[in-house]
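Participant: Dropping the structure in here first, questions after.
The values are calculated or read from the model by the stated rules, or taken from the named source; none is laboratory data. A quick note: this is a predicted structure, and the numbers were derived from the prediction, not measured. Please note: Cβ atoms are built from the backbone with ideal geometry, for glycine as well, and neighbour counts cover all protein chains shown.
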Amino acid sequence: MQSTSSRMAQRRANTPAKGGPRLSVGFILARQFTLCAFANFVDVLRLAADDGDRSRPILCDWTVLSDTMDPVMSSCGITVLPKERLSDPKRFDYIVVVGGLLDDAPNLSQAASRYLHRAAEAKVPLIGICSGAFSLHDIGLLKGYKCCVSWFHHSDFLEQFDGLNPVSDQIFVVDRDRLTCSGGASSAHLAAYLVDKHVGQAQARKSLHIMIIDDALSQDEPQPGLPLNMKTRDPIVQRALLLMQQNVDTPISVQDIAIRLGNSKRQIERHFRLSLDTSPQAAYLDMRLDLAKHKIEKTSKSVAQIAMDCGFCDSSHLSRMFRRKFGGTPQSLRQQKQEADNALA
């Protein structure tokens, strides 16, 4: 049984030397924010802040801020009640914007936008999680910064913010005093990065393990993307495959992929050969053909449209490649599928 003196020593060890938390985070929740991304981030802080699962804000503290104090509804319909009104941003080590659903209406109030500008002027680092990068850029606070967005929203970001090059093949990005992540589980890894930096590696690992998440992932770890038949644990190959997915309708060269990943073309080819026993070009073609097959079976799009969607010159080009891999044309596959469906009807 633990002695009184050892318990007191443990409490002293848990208390920051300056008498306050080592990591203080303020949250601004966008309209229809993503609950999962918010909860993952907060729980890493909560579990790192105290022993076990007691949730006392000793080593870390966290506060939901608001200009109105009205409940904020998440995208899944669950509401969160803010704790404090917008206060001096300098009291926080970081201010996090949790993004919400993407539509035409502004996700942040004017008061919240002004507050974030005050924080930026005071050199308080700003964090955008999930589509929080959209919100930060929308109010002019990501200009000149590299930012991370989910592969799922990559094309949306390009459409809304012309001229930018968002990163969607990493789980989070740290660029000076702007930190962004793709949301979901990646927000837990970004929070663990901050805990490791300000509190300690042991606390960061403890948080993730209690949440049944394996060891913390570094910022350049590739995002999990659309389901792939090509499975690999090689991070260079994973990131290359994700870039291929994001450019499936307008295929990019292996040289361009290598440049974007910071590798040589020869290195990319060697990693593909060792990991998948194929070339990047062959893997790219297989990916596009698998997507075409999926669209033939699951949609009513014309073969010509599917050819364009999957990066082929025309329907004849798709048909030649399709027959080579699957032994029949797209039209014959669709006919077989229709006959099978009719037989089951």
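Participant: Does the range 97-118 include one or more residues that are closer than 27 Å to Met211 by Cα, hydroxyl-bearing (Ser, Thr, Tyr) and buried (at least 16 other Cβ atoms within 10 Å of the Cβ)?
Facilitator: No, the range 97-118 has no match at all.
Participant: A further question follows. What is the residue count in the range 47-74 for residues that are in a helix (DSSP H, G or I) and surrounded by fewer than 22 Cβ atoms within 10 Å (Cβ to Cβ)?
Facilitator: Final tally of qualifying residues: 0.
Participant: With the requirement that a residue be more than 15 Å from Val167 (Cβ to Cβ) and buried (at least 19 other Cβ atoms within 10 Å of the Cβ), what does the range 255-272 give you?
Facilitator: Selection gives Ala258, Ile268, His271, Phe272.
Participant: Separate question: Could you grab me the full set of residues in the range 280-306 that are out of contact with any Leu (no Cβ under 8 Å at 6 or more places or on another chain) and acidic (Asp, Glu)?
Facilitator: Within the range 280-306, Asp286, Asp290 meet the criteria.
Participant: Let me ask another. Taking the range 41-64, which residues are among the charged types (D, E, K, R) and under 24 Å from the mean Cα position of the chain (by Cα)?
Facilitator: Asp43, Arg46, Asp61
Participant: Any chance the range 226-240 includes a residue that's part of a loop (DSSP other than H, G, I, E, B), at pLDDT 85 or above and over 19 Å from the mean Cα position of the chain (by Cα)?
Facilitator: no
Participant: Mind counting the residues in the range 302-337 that are within 20 Å of Pro251 (Cβ to Cβ) and either part of a loop (DSSP other than H, G, I, E, B) or of a type outside the set (Asp, Glu) (or both)?
Facilitator: Looking only at that region, the number is 24.
Participant: Here's something else I'd like to know. Take Ser302 and tell me if it is out of contact with any strand residue (DSSP E or B) (no Cβ under 9 Å at 6 or more places or on another chain), farther than 24 Å from Gln238 by Cα, surrounded by 13 or more Cβ atoms within 10 Å (Cβ to Cβ) and among the hydroxyl-bearing types (Ser, Thr, Tyr).
Facilitator: no
Participant: Oh, and also: Condition first: of a type in the set (A, V, I, L, M) and in contact with a Ser or Thr (Cβ under 9 Å, 6 or more places away or on another chain). Can you find one or more residues in the range 284-302 that meet it?
Facilitator: No; the residues of the range 284-302 include none that is of a type in the set (A, V, I, L, M) and in contact with a Ser or Thr (Cβ under 9 Å, 6 or more places away or on another chain).
Residue by residue, here is whether (1) assigned by TED's automatic domain parsing to the domain that holds Pro330; (2) modelled with pLDDT under 95; (3) part of a helix (DSSP H, G or I); (4) of a type in the set (Lys, Arg) holds:
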site	(1), (2), (3), (4)
Asn263	yes, yes, no, no
Arg266	yes, no, yes, yes
Arg270	yes, no, yes, yes
Ser275	yes, yes, yes, no
Gln281	yes, no, yes, no
Asp286	yes, yes, yes, no
Lys293	yes, yes, yes, yes
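Participant: In the set Leu141, Leu179, Leu164, which member is in a loop (DSSP other than H, G, I, E, B) and either in the same structural domain as Arg260 (by TED's automatic domain parsing) or modelled with pLDDT of 90 or more (or both)?
Facilitator: Leu141
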